[in-house]
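The values are calculated or read from the model by the stated rules, or taken from the named source; none is laboratory data. Every value quoted in this text rests on a predicted model; they were computed, and no experiment measured them. FYI the Cβ positions are ideal-geometry reconstructions off the backbone, even for glycines, and counts take in every protein chain you see.
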Amino acid sequence: MAWTAMEWSCGHTGSKKLYGARSDRQATVAWEAGRCCFGCWLLKEWDSTGDPRALRADRWNLAEKIAGGKGILLHAPAPQQVPAPSDENMSLGG
């Protein structure tokens, strides 16, 4: 197991616990670089499914804690590209 520095396509950086041979870990880093970080992914999931956690003011902090429980440390402030949900945005989905 090794903590490996990561940079995701959303611009966030962090570290992730990776297991296995070094070549396997390097392949995982390359694959992760083409994806958004777990925190951004989780926020988008909450928004798209209407999860009540999407409305929380501390939703990014909650996403960081959940990521940490999965062996992913995010070293970045809350994302600017994920807008805070508003009543107007929420009414468009329903």
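Quick one: which helices (runs of 4 or more DSSP H) sit completely within the chain and have at least 1 residues that are modelled with pLDDT of 90 or more? Spell out how you get there, then give the answer.
Working: elements: 22-33, 38-49, 59-69, 87-92.
Filter on the chain gives 22-33, 38-49, 59-69.
Kindly provide the set of residues from the range 18-42 that are more than 18 Å from A2 (Cα to Cα) and either touching a residue at least 40 places away in the same chain (Cβ under 8 Å) or in contact with a helix residue (DSSP H, G or I) (Cβ under 7 Å, 6 or more places away or on another chain) (or both), ordered by number.
Of the range 18-42, the ones more than 18 Å from A2 (Cα to Cα) are 34-42.
Once the filter is applied, which keeps residues that are more than 18 Å from A2 (Cα to Cα) and either touching a residue at least 40 places away in the same chain (Cβ under 8 Å) or in contact with a helix residue (DSSP H, G or I) (Cβ under 7 Å, 6 or more places away or on another chain) (or both), the range 18-42 yields F38, G39, C40, L42.
Out of the residues in the range 1-23 that are among the charged types (D, E, K, R) and surrounded by 11 or more Cβ atoms within 10 Å (Cβ to Cβ), which is farthest from K65 (Cα to Cα)?
Restricting attention to the range 1-23, the residues satisfying the condition of being among the charged types (D, E, K, R) are 7, 16-17, 22.
Retained after the next criterion (residues that are surrounded by 11 or more Cβ atoms within 10 Å (Cβ to Cβ)): 7, 16-17.
On the way: E7: 18, K16: 13, K17: 15 Å.
Selected residue: E7.
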